Amino acid sequence: MRIAFVVNRDRFFLSHFLERALSARDAGHEVVVLAPDTGSGRAIEAAGLRFVPVGMTRHGVSMAHLWAEVRSMRALYRQIRPDIVHHFGLRPIVVGTLAARFGAGPKIVNAPVGMGFAFASSSWKARLIRYPLLALLRIALNPRGSRVVFENAEDRAEMMRLGAVRGADAVVIRGAGVDVERFVPTPEPQGRATVLFAARLIREKGVGVFVDAARLARAKGRDARFVIVGEVDRSSSTAVPESELQAWVDEGVVEWWGYRDDMPAVLAAASIFCLPTWYREGMPKVVLEAMACARAVVVTDTVGCREAVEHGISGLLVPPKDAVALADAIGSLLDDPLLRRRLAEGGRRRAVAEFSSERVIRETLALYHGAERGR
């Protein structure tokens with residue numbers, strides 16, 4: 001088969017979908033990657049995949065602009081003639097599915113990944129686009145003969161409730177998986193404990209809550225380093241500005257290490273991992289990576305996160321937007337190395353058993369073969 005992966009960021013493809021694409025290629029299929037080229041297109045080609053740059057925005061809401069993207073994508077599908085198109089993320093789903101339905105007619109696999117900004121944020125902009133987006137999803141997410149892949153059971157149930165998918169066509173494949181042979185347990189670093197936050201630096205990921213929790217922990221006399229890893233997402237209306245990040249650093253409450261692509265080494269330098277997000281996560285990959293590295297994790301009791309982490313067994317869950325609860329959970333781990341170790345070991349076991357890349361790849365390839373046969 002010729003399989004087209006359609007993603008709204010080339011770097012996002014490399015971090016989340018490369019392993020599945022390579023496995024599909026190694027299974028004998030031809031793989032084409034379609035994404036905006038923001039500098040990672042050459043890396044995709046260097047991995048041995050065909051890369052086709054596309055013009056696709058991430059946040060534009062103009063219907064005229066959207067339809068122009070649909071026409072452009074339809075022309076590409078007619079040129080490439082894929083047997084299967086696998087759309088990742090809400091924008092590629094809407095654009096790609098409409099293009100496929102009015103074009104060459106490939107089999108469609110749609111993967112919302114996470115329900116994203118429109119369904120996670122309470123901002124006026126999110127509320128403004130939520131209902132038009134839902135109307136589009138009811139048209140585009142699950143047309144007859146398509147399959148829909150959710151990263152957690154709650155998103156699947158919610159889209160079924162809203163009438164956007166049919167249960168028989170919707171499956172759960174839990175996240176992008178984690179390479180449990182690359183992300184491996186290492187001893188905790190010696191000296192002061194390091195508490196790590198790593199994510200895109202937008203408000204909904206909880207970076208402000210992490211900083212407030214760091215202040216509270218320090219006020220209680222806990223001696224630990226609090227580290228932020230990530231880059232400012234300047235395309236997002238809720239991005240944390242660099243000036244605010246620098247102010248936190250100047251205050252001495254956190255360190256900011258910027259963008260890093262060597263996450264096994266970053267996690268090896270940490271004692272505890274935190275993601276106090278209230279974003280509508282699909283399955284937070286960095287949390288799975290931390291668990292695979294046998295680091296105790298603290299995450300919010302929200303969609304996606306609570307499917308990754310079993311409270312008290314493979315990590316700790318805290319309420320969203322609650323810096324006090326987060327600081328208390330971090331404090332309990334700083335004060336109790338045995339608890340930290342027990343949760344770390346539980347997280348590693350869960351990552352290997354439930355979230356390995358091998359499992360995700362196997363389930364994805366089975367989905368492609370089922371789609372090809374029309375089942």
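The values are calculated or read from the model by the stated rules, or taken from the named source; none is laboratory data. Quick caveat, the model's predicted, so the values are computed rather than measured. Every residue, glycine among them, receives a Cβ derived from its backbone with ideal geometry; neighbour counts consider all protein chains shown. Just so you know, the surface numbers come from the protein's heavy atoms only, side chains and all, with ligands and any DNA or RNA stripped out. Shrake-Rupley method; radii C 1.70, N 1.55, O 1.52, S 1.80 Å.
Other residues lying with their Cβ under 13 Å from the Cβ of TRP257 contribute a combined charge of -2, Lys and Arg counting +1, Asp and Glu -1. Based on Cα atoms of the chain, Rg over Rh with Rh as the Kirkwood radius reads 0.97. Normalising the average separation of contacting C-alpha pairs (under 8 angstrom, six or more residues apart) by the number of residues puts the relative contact order of the chain at 15 percent. Mind checking which of THR277, THR97, THR194 has the largest fluctuation in a GNM of the chain, springs on alpha carbons under 10 Å? Ranking THR277, THR97, THR194 by mean-square fluctuation puts THR194 first.
Excluding ligands, DNA and RNA, the accessible surface per residue across the chain is 41 Å² with a 1.4 Å probe.
One quarter of the convex hull surface, Cα atoms only: what value does that give for region 182-313 in nm²?
Result: a mean projected hull area of 8.2 nm².
A Gaussian network model of the chain, with springs between Cα atoms under 10 Å, assigns the largest mean-square fluctuation among ALA198, ALA213, ALA64 to ALA64. Applying 0.36 nm per residue to the separation of HIS369 and ARG130 and subtracting their alpha-carbon distance, the gain on full extension is 82.7 nm.
For the chain, which whole-number percentage of the solvent-accessible area (1.4 Å probe, protein heavy atoms only) is attributable to carbon and sulfur atoms?
Working: 8030 of 15460 Å².
The nonpolar share, carbon plus sulfur, comes to 52 percent.
Determine, for each peptide in 254-262, 214-222, 321-329, the mean count of other beta carbons within 10 angstrom over its residues, then list the peptides with the highest first. It would help to have the intermediate numbers written out before the result.
Working: 254-262: 13.0, 214-222: 15.8, 321-329: 19.6.
Ranking, from highest mean packing down: 321-329, 214-222, 254-262.
Residues considered: ILE108, ILE84, ILE139. Largest GNM mean-square fluctuation over the chain, using C-alpha springs under 10 Å, is found at ILE139.
Work out the P(r) tail for region 158-242: percent of alpha carbon pairs separated by more than 21 Å, whole number. Please report the intermediate quantities before stating the final value.
Working: 2110 of 3570 pairs.
Percentage above 21 Å: 59.
Between ILE139 and ALA75, full extension at 0.36 nm per residue minus the direct alpha carbon distance yields a gain of 21.0 nm. Among 30-39, 281-290, 308-317, sorting by the average number of other beta carbon atoms lying within 10 angstrom of each residue, highest first, gives 281-290, 308-317, 30-39. With contacts taken as Cα pairs under 8 Å and at least 6 residues apart, region 130-234 reaches a relative contact order of 23 percent. From the Kirkwood radius over Cα pairs of region 293-375, Stokes-Einstein at 10 °C and 1.306 mPa s returns a whole-number translational diffusion coefficient of 110 µm²/s.
For the chain, the residue among LEU316, ALA353, VAL209 whose Cα projects farthest onto the positive side of the dipole built from Cβ charges is ALA353.
Kirkwood radius for region 72-217, taken over all pairs of different Cα atoms as the inverse mean of 1/r, rounds to 17.9 Å.
Taking a Cβ cut-off of under 11 Å around HIS16, the surrounding Lys, Arg, Asp and Glu residues balance to a net charge of +2, with basic ones at +1 and acidic ones at -1. Lysine pair count for the chain with Cα-Cα distance under 24 Å and sequence separation of 8 or more or different chains is 6.
About the centre of its Cα atoms, region 214-335 shows a dipole size close to 200 debye [charges on the beta carbon of Lys, Arg (+1) and Asp, Glu (-1) only; nearest 20 debye].
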